[in-house]
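The values are calculated or read from the model by the stated rules, or taken from the named source; none is laboratory data. Because the structure is predicted, anything quoted here is derived from the model rather than measured. Reconstructed Cβ throughout: ideal geometry from the backbone, glycine too, with neighbour counts over all protein chains shown.
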Amino acid sequence: MFIDRRTLLNGLPAMALGQLMAGGSTAPHHAPKAKRVLQIFCPGAASHIDLWDYKPELEKRHGQPMPGGEKEVSFQGANGNLMRSPWDFVPRGQSGKRLTSLLPHLGAHADRMAFIHSMTSRSNTHGPACVMMNTGYVFEGFPSAGAWVGYALGSANDNLPAYVAIPDIRGIPPSGPANWTAGFLPAQHQGIAFNAAEPILNLDRPRQISTNEEEATRAYLRRLNGAHAERHPGPSDLQARIAAYELAARMQLSAPEASDLSRESKATHQLYGTDDQNPLLAAYARNCLLARRLLERNVRYVQLFCASRASGVDGLLNWDAHKTLKADYDRHGPIFDKPTAGLISDLAFRGLLDDTLVLWTTEFGRLPTHQQGTLGRDHNPDAFTVWLLGAGIKGGTSYGATDEFGRRAVEDVTTVHAFWATVLWVLGLDYQKLSWYHNGLQRRLTDVHGHVLQSLLT
């Protein structure tokens with residue numbers, strides 16, 4: 001398909017190319033521990049009490065009414081009695097952290113992880129809660145964390161975007177591109193979405209146009225744009241677009257090379273599981289391998305999704321297990337487990353964890369009871385778990401706690417804003433100083449809230 005100059009400069013490719021020329025806007029406020037971020041996101045509200053947050057009392061009182069919650073009505077209606085996790089929690093690593101047996105490969109990294117067990121959200125609806133987790137606001141239109149990081153630190157690779165979002169092969173997450181939007185920041189800071197199955201759209205030169213024709217066209221445009229710049233000196237949007245267009249050829253070479261997984265060894269592919277007989281596991285594994293290749297090429301922020309949007313059948317495409325928790329997580333767990341663990345192991349083997357911060361996130365948690373008439377769990381914005389590992393993070397630690405059943409955060413209750421304040425701090429950024437003037441206010445990723453969770457830091 002032929003793409004004319006106007007389409008190229010105004011469409012998604014221009015956004016990607018514009019990002020390439022965006023240098024750092026802010027000098028670090030203090031010495032950073034990390035240079036880049038990998039954010040792994042599991043849409044659908046992955047259950048903290050079935051994955052990360054061990055609750056022996058929940059096991060003991062399985063089948064009994066939850067004290068004080070007998071008449072509780074949640075997102076999808078009435079709830080039944082307490083329901084233990086279908087999987088055993090086993091001690092892992094030197095720390096002895098009890099984690100689900102559903103994720104045996106990830107459990108091997110327990111001593112690297114710093115868990116936040118007292119996270120809370122302002123929404124119990126997937127779309128707004130996903131946006132809340134990724135932007136700090138429940139409403140769409142605010143910049144994502146990756147956009148803020150790209151704006152603050154710029155690109156560390158002149159030939160690749162500063163911020164890449166890697167959607168799951170099953171589809172985009174709830175609220176879609178709002179999870180990697182630039183919001184009111186300059187458009188070049190928006191995440192560029194592609195994965196191992198679908199490369200960046202409209203990047204390749206159309207087959208009917210030869211290399212010489214493309215070079216001649218670019219030279220002609222340079223003359224036209226240069227003449228315009230002489231008549232209208234000074235910074236302008238056109239100057240930025242000219243720079244973006246000039247980088248197109250370099251992007252055509254660098255992006256396909258970064259996405260070429262055939263360059264990896266057989267052992268690496270086996271580590272991730274790209275050859276697995278489960279096509280969904282293999283597809284996510286290829287996305288994990290793509291993420292590592294982008295990080296080692298100094299892409300500043302990589303956002304990797306495992307699962308996608310809601311569907312007509314709860315829990316089919318993501319972690320939203322309303323009716324059949326065990327069947328849903330027996331399907332999702334293996335897809336997530338081996339490739340993610342392989343990615344962490346590979347980052348560590350290559351020394352990339354020394355200056356890469358890895359985050360695992362979801363939008364909220366699940367209730368310790370079962371939904372009435374089902375064997376699933378309803379939404380719980382009052383308690384969930386996220387974790388961090390890598391540069392600047394004290395592994396084998398836990399912050400905060402939920403009550404005896406995992407219903408509510410009760411100790412060191414924390415928020416998305418504190419989480420992002422901590423992430424920015426590891427990157428050398430003061431969350432109170434990183435801002436953008438918009439509609440009469442100095443806006444921040446952390447809004448007017450936040451504090452750094454110092455006990456998680458080395």
Subject >> Neighbours by Cβ (under 7 Å, 6+ apart or cross-chain): first from the range 205-216, closer than 19 Å to Ser254 by Cβ and without any contact (Cβ under 8 Å) to a residue 40 or more places away in the chain; second surrounded by 11 or more Cβ atoms within 10 Å (Cβ to Cβ) and among the basic types (Lys, Arg) >> reply: Glu214/Arg205
Original post:
Name the pairs whose Cβ atoms lie under 9 Å apart, with the first residue in the range 275-288 and over 12 Å from Thr340 (Cα atoms), the second assigned to a helix (DSSP H, G or I) and among the small types (Gly, Ala, Ser), and 6 or more positions between them or separate chains?
Top reply: Asp275/Ala282; Asp275/Ala285; Asp276/Ala282; Asp276/Ala285
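Would you confirm, using the coordinates I've provided, whether Ala327 is of a type in the set (A, V, I, L, M, F, W, C), surrounded by fewer than 23 Cβ atoms within 10 Å (Cβ to Cβ), without any contact (Cβ under 8 Å) to a residue 24 or more places away in the chain and outside any strand (DSSP E or B)?
Details: of a type in the set (A, V, I, L, M, F, W, C): yes; surrounded by fewer than 23 Cβ atoms within 10 Å (Cβ to Cβ): yes; without any contact (Cβ under 8 Å) to a residue 24 or more places away in the chain: yes; outside any strand (DSSP E or B): yes.
When the stated conditions are applied, Ala327 passes them.
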Original post:
Can you tell which of Ala147, Ala152, Ala129, Ala165 is of a type in the set (Gly, Ala, Ser), under 29 Å from Ile192 (Cα atoms), touching a residue at least 40 places away in the same chain (Cβ under 8 Å) and in contact with a strand residue (DSSP E or B) (Cβ under 6 Å, 6 or more places away or on another chain)?
Top reply: Ala165
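Out of the residues in the range 168-191 meeting the condition of being part of a helix (DSSP H, G or I) and among the aliphatic types (A, V, I, L, M), tell me which one is surrounded by the fewest Cβ atoms within 10 Å (Cβ to Cβ). It would help to see each step written out before you state the result.
In the first step, residues of the range 168-191 are kept if they are part of a helix (DSSP H, G or I); the result is 176-179, 187-189.
Now narrow it down to the ones that are among the aliphatic types (A, V, I, L, M): 178, 187.
Numbers: Ala178: 21, Ala187: 15.
It comes out as Ala187.
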**OP:** Working only within the range 379-417, note down all residues that are crowded, with 24+ Cβ neighbours inside 10 Å and either in a loop (DSSP other than H, G, I, E, B) or free of Cβ contacts under 8 Å to residues at least 60 places away in the same chain (or both).
**Re:** Ala383, Gly406, Arg407
Original post:
For the range 110-167, what are the residues that are in a helix (DSSP H, G or I) and more than 16 Å from the chain's Cα centre (by Cα)?
Top reply: Ala110, Asp111, Arg112, Tyr151, Ala152, Leu153
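Taking the criterion of being among the basic types (Lys, Arg) and farther than 23 Å from Leu427 by Cα, would at least one residue in the range 110-120 satisfy it?
no
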**OP:** Could you pull out the residue among Leu304, Leu281 that is touching a Cys at 6+ places or on another chain (Cβ under 8 Å) and modelled with pLDDT of 95 or more?
**Re:** Leu304
Subject >> Sole residue being assigned to a helix (DSSP H, G or I), modelled with pLDDT of 95 or more and buried (at least 19 other Cβ atoms within 10 Å of the Cβ), chosen from Leu38, Leu58 >> reply: Leu58
Subject >> All positions within the range 195-228 that are of a type in the set (A, V, I, L, M, F, W, C) and modelled with pLDDT of 80 or more >> reply: Ala196, Ala197, Ile209, Ala216, Ala219, Leu221, Leu224, Ala227
Original post:
Scanning the range 73-97 for residues that are more than 20 Å from Thr324 (Cα to Cα) and in contact (Cβ under 8 Å) with a residue 40 or more places away in the chain, which turns out surrounded by the most Cβ atoms within 10 Å (Cβ to Cβ)?
Top reply: Lys97
Original post:
For the range 360-378, how many residues are farther than 17 Å from Ala129 by Cα and not in a loop (DSSP other than H, G, I, E, B)?
Top reply: 4
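Looking at Ala145, Ala152, can you tell me which residue is at pLDDT 95 or above and either among the basic types (Lys, Arg) or closer than 18 Å to Val131 by Cβ (or both)? Outline the logic, then answer.
On the way: Ala152 fails: either among the basic types (Lys, Arg) or closer than 18 Å to Val131 by Cβ (or both).
Among Ala145, Ala152, only Ala145 is at pLDDT 95 or above and either among the basic types (Lys, Arg) or closer than 18 Å to Val131 by Cβ (or both).
For every residue, the table says whether it meets (1) in contact with a helix residue (DSSP H, G or I) (Cβ under 8 Å, 6 or more places away or on another chain); (2) aromatic (Phe, Trp, Tyr); (3) buried (at least 24 other Cβ atoms within 10 Å of the Cβ); (4) farther than 27 Å from Gly315 by Cβ.
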residue: Thr125; (1), (2), (3), (4): no, no, no, no
residue: Val131; (1), (2), (3), (4): yes, no, yes, no
residue: Asn134; (1), (2), (3), (4): yes, no, yes, no
residue: Glu140; (1), (2), (3), (4): yes, no, no, no
residue: Tyr151; (1), (2), (3), (4): yes, yes, no, yes
residue: Ala156; (1), (2), (3), (4): no, no, no, yes
residue: Ala162; (1), (2), (3), (4): yes, no, yes, yes
Original post:
Tyr437 is checked against (1) aromatic (Phe, Trp, Tyr); (2) touching a strand residue (DSSP E or B) at 6+ places or on another chain (Cβ under 8 Å); (3) under 28 Å from Asp111 (Cα atoms) and fails just one. What number does that condition carry?
Top reply: (3)
Original post:
Any residue in the range 426-440 that is within 25 Å of Thr385 (Cβ to Cβ), of a type in the set (Ser, Thr, Tyr) and free of Cβ contacts under 8 Å to residues at least 60 places away in the same chain?
Top reply: yes
Original post:
Which of the residues spanning the range 313-324 are outside any strand (DSSP E or B) and in contact (Cβ under 8 Å) with a residue 12 or more places away in the chain?
Top reply: Asp314, Gly315, Leu316, Leu317, Asn318, Trp319, Asp320, Ala321, His322, Lys323
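Table: residues versus (1) crowded, with 24+ Cβ neighbours inside 10 Å; (2) more than 17 Å from the chain's Cα centre (by Cα); (3) of a type in the set (Lys, Arg); (4) in a helix (DSSP H, G or I).
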position	(1), (2), (3), (4)
Gln277	no, yes, no, no
Leu281	no, yes, no, yes
Ser311	no, yes, no, no
Thr340	yes, no, no, yes
Val358	yes, no, no, no
Subject >> Residue check, Gln64 without any contact (Cβ under 8 Å) to a residue 60 or more places away in the chain and either among the polar types (S, T, N, Q) or closer than 29 Å to Asp430 by Cα (or both) >> reply: yes
